[in-house]
Each structure stands twice: as C-alpha cells, then as structure tokens.
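Input: a single structure, listed below in structure tokens.
The values are calculated or read from the model by the stated rules, or taken from the named source; none is laboratory data. Nothing here was measured: the structure is a model prediction, and the numbers come from that model. A quick note on method: Cβ atoms are made from the backbone with ideal geometry, for glycine too, and the neighbour counts reach across all protein chains shown. Please note that ligands, DNA and RNA were not included when accessible areas were found on the heavy atoms of the full protein model with its side chains. Shrake-Rupley method; radii C 1.70, N 1.55, O 1.52, S 1.80 Å.
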Amino acid sequence: AKLLERVFAADVLVCPRCEGAMRPLAVVYDERTARKILTHLGLPSRAPPRGRARSRGQLDLPAAVAHQEGIDPPLVLD
C-alpha cells in the first residue's frame, strides 16, 4: 500500500466512494485464478503490449520535470 501510494499518489486503503478505511481480504498468487477473476469482472487480464525500445537520450528527464511533486531530484555527489 505504501509503494502504491508513493507511485500513484493514491491511498489504496481508503474507499474512493465513502473515504472509509479498507483492508485487503485476500491475495491471489496463482496466475490462472487471477486471470479468471479479472475476465469475470470484465477487466483486462493481460498486460498492455510493450512499446518500442528507446535510445539512451530519450530516457533523460528535462530539468523542469525534476521539480514536479512525486519525482525525486537527481542525486548530486560533491
């Protein structure tokens, strides 16, 4: 829950409708079972296709993006 909150800026343990506390009921480890549940709920059961490979230059973030909330600034060693 903490990692999801950090990555998506959303508390997954708070109900989006009533804002009450939520707790996990179960964890599904079997891939086939998870696929059956997602398919039954009408949700995608496969990950989206991967995009094309990027060149090294495309991975660098512009300086303006580094100041946005939720993105750690670059590490500077003295």
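Scanning segment 11-39 for residues that are touching a helix residue (DSSP H, G or I) at 6+ places or on another chain (Cβ under 7 Å) and among the aliphatic types (A, V, I, L, M) yields VAL12, VAL28. Pairing residues of segment 41-66 that are of a type outside the set (Val, Ile, Thr) with residues that are modelled with pLDDT of 80 or more and open to solvent by 80 Å² or more (accessible area, probe 1.4 Å), at Cβ distances under 7 Å and at least 6 apart in sequence or on separate chains, gives SER45/ARG35; SER45/THR39. Please verify whether VAL28 is among the hydrophobic types (A, V, I, L, M, F, W, C), at pLDDT below 90 and open to solvent by less than 100 Å² (accessible area, probe 1.4 Å), treating the condition exactly as stated. For VAL28, the condition - among the hydrophobic types (A, V, I, L, M, F, W, C), at pLDDT below 90 and open to solvent by less than 100 Å² (accessible area, probe 1.4 Å) - is not met. Of everything listed in (1) in a loop (DSSP other than H, G, I, E, B); (2) modelled with pLDDT under 90; (3) of a type in the set (Gly, Ala, Ser), the single unmet condition for GLY42 is (2).
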